[in-house]
1. Does residue B:186 qualify as being facing another protein chain (nearest Cβ under 9 Å) and either more than 18 Å from the chain's Cα centre (by Cα) or hydrophobic (A, V, I, L, M, F, W, C) (or both)?
2. Considering region A:45-98 alone, what residues qualify as being under 27 Å from residue A:161 (Cβ atoms), of a type in the set (Phe, Trp, Tyr) and free of Cβ contacts under 8 Å to residues at least 40 places away in the same chain?
3. Conditions: (1) within 9 Å of DNA strand C (Cβ to nearest atom); (2) under 20 Å from the mean Cα position of the chain (by Cα). Residue B:57 meets all but one. Number of the miss?
4. Residue under question is residue B:84, and the condition is that it be out of contact with any strand residue (DSSP E or B) (no Cβ under 8 Å at 6 or more places or on another chain), more than 16 Å from DNA strand D (Cβ to nearest atom) and assigned to a loop (DSSP other than H, G, I, E, B); does it hold?
5. Being outside any helix (DSSP H, G or I) and more than 9 Å from chain B (Cβ to nearest Cβ) is the filter here, so list the residues in region A:112-137 that pass it.
6. Under 8 Å between Cβ atoms, which residue pairs at least 6 apart in sequence (or on different chains) link something in region B:10-22 that is within 18 Å of residue B:106 (Cα to Cα) with a partner that is among the β-branched types (Val, Ile, Thr) and part of a helix (DSSP H, G or I)?
7. Conditions first: (1) open to solvent by 60 Å² or more (accessible area, probe 1.4 Å); (2) away from DNA strand C (no atom under 16 Å from the Cβ). Residue B:70 passes all but one, so which condition is the exception?
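The values are calculated or read from the model by the stated rules, or taken from the named source; none is laboratory data. Not measured: the values here are computed from a predicted model. Here Cβ is always computed from backbone atoms with ideal geometry, including for glycine, and neighbour counts include all displayed protein chains. The protein model used for the area step is the full one, side chains on, heavy atoms only, and it has no ligands, DNA or RNA in it. Shrake-Rupley method; radii C 1.70, N 1.55, O 1.52, S 1.80 Å.
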2 protein chains.
Amino acid sequence: MTNGNFKKPSTRGEKKKAILTAAEKIFAEYGFKGATTQMIADLAGIPKANLHYYFPTKEALYSQVVQTIFDIWLEAADSFDQKEDPASALESYIDKKMEISRDHPNGSKVWANEVTHGAPIIQDYLETTLKEWTTSREAVIQSWIDEGRMDKIDPKHLLYMIWATTQHYADFVHQVETLNDGQPFDDGQWQAATRDVKKIILTGVGLKFGGDDGNR
Amino acid sequence: MTNGNFKKPSTRGEKKKAILTAAEKIFAEYGFKGATTQMIADLAGIPKANLHYYFPTKEALYSQVVQTIFDIWLEAADSFDQKEDPASALESYIDKKMEISRDHPNGSKVWANEVTHGAPIIQDYLETTLKEWTTSREAVIQSWIDEGRMDKIDPKHLLYMIWATTQHYADFVHQVETLNDGQPFDDGQWQAATRDVKKIILTGVGLKFGGDDGNR
DNA sequence: ATAAAACTTGACCAAATGGTCAGATCAGTT
DNA sequence: AACTGATCTGACCATTTGGTCAAGTTTTAT
């Protein structure tokens, strides 16, 4: 069977994905410089030379990892737009971001690392995609404020607070777990965290907060 | 003049401090592995061999830097305790933490980096000093809640939100500046950020928020 | 079947980097 | 001036590491 023009999903594609997954974890744990291609190859279960067959340089691999994170981030951003009223929009955005912190902590860490080190790889994205998304969403929030639907604050600080707080549970998971007697959050604790974050932020900008979460 | 038993402040002490300042900046920008003792020495204006005369290993130097940050962090924690009522305590704590983000962004970044990489150096502090401080402050907040002085939330999530949000302005300064047309915050913007952060958090937990800031 | 293309890998290399060291220089003491 | 201990530094070394390469092996196309 020639498999026609289709890529055989079980070889090239899957192998690259396996390498990317390993890379995400190692980069998250050790940072760009701290990570070695040898560690990544070991975790992926292949020789280092083979890794370099698929990703010519460490930078190329890292770049791919960061790209993936950014896509997830943008996907979460969508959930902001699907609701009409301020409370629902913020709630579902926070829900989604907390979910990402739980399901993709490594990605979040890589992103944080990249940005704190001056975003050498993704500066373009910051200046274009991220900047545009942020500006337009600030406008939306501002219009809600102008319509008297929520309290007057600078929208950008609201967004930063949402980003910072939700990502804290991924980026600082080690600290959070240490303060939780070394245990990772269980379902109930994640639910409680999400609820409290939403409660404080929604109430904080003068929106009504229903109480329990509607997801999961 | 023999200078008696006093250390000559212009030599050893000051030199070490100069090295530490340089180290803080380099470690913040490049992470532990990414930083080289050569870079630090260059920034401090001394030969690498001289740096190793004062700090035998890179780890020892890094360890000192992290220690310094932690002291600053604890100092901020004090400002929480000097107020009686919830609103004042939280306000002055947030004020202080925003001040630190502005004045010691490098320190904050080093701390963030250390924690996201699993706190290999300061794990002890997390488990002892930080854990104790956090637990006791959670109790204080809980008592305020029990007395009906603020809304019912899990105190730990309030603390995490304060940490995450205030430190965001240091750790993610690059992103914040990029979204601010590449400009660093000016005095007014820092004031506005501080006000909005306090407004959202205080209001968010059911406390009264006066409005303008009382410091600076 | 056979040729071509894609993939795999052990061995290797050049550059970077943490740390050493012997000798030079400086400051304080007598 | 002579001595002593602290400080300074250029040259050097061992290790780590990103990346290469030639020699295979496997898969695909004809």
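1. Answer is no for this residue.
2. From region A:45-98, those under 27 Å from residue A:161 (Cβ atoms) are A:65-98; that's our starting set.
Going one step further and asking which of them are of a type in the set (Phe, Trp, Tyr), we end up with A:70, A:73, A:80, A:93.
Answer for region A:45-98, where residues must be under 27 Å from residue A:161 (Cβ atoms), of a type in the set (Phe, Trp, Tyr) and free of Cβ contacts under 8 Å to residues at least 40 places away in the same chain: just A:73.
3. Answer for residue B:57: the failing condition is (2).
4. Numbers: out of contact with any strand residue (DSSP E or B) (no Cβ under 8 Å at 6 or more places or on another chain): yes; more than 16 Å from DNA strand D (Cβ to nearest atom): yes; assigned to a loop (DSSP other than H, G, I, E, B): yes.
Yes; evaluated as a whole, the condition is true for this residue.
5. A:120, A:121, A:122
6. Final answer for the pair search is B:19/B:40; B:20/B:65; B:20/B:68; B:22/B:40.
7. (1)
Quick grid of which residues meet (1) crowded, with 21+ Cβ neighbours inside 10 Å; (2) over 18 Å from residue A:25 (Cα atoms); (3) not aliphatic (A, V, I, L, M):
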{"site": "A:81", "(1), (2), (3)": "no, yes, yes"}
{"site": "A:88", "(1), (2), (3)": "no, yes, yes"}
{"site": "A:92", "(1), (2), (3)": "no, yes, yes"}
{"site": "A:103", "(1), (2), (3)": "no, no, yes"}
{"site": "A:110", "(1), (2), (3)": "yes, no, no"}
{"site": "A:114", "(1), (2), (3)": "yes, no, yes"}
{"site": "A:122", "(1), (2), (3)": "no, yes, no"}
{"site": "A:128", "(1), (2), (3)": "no, yes, yes"}
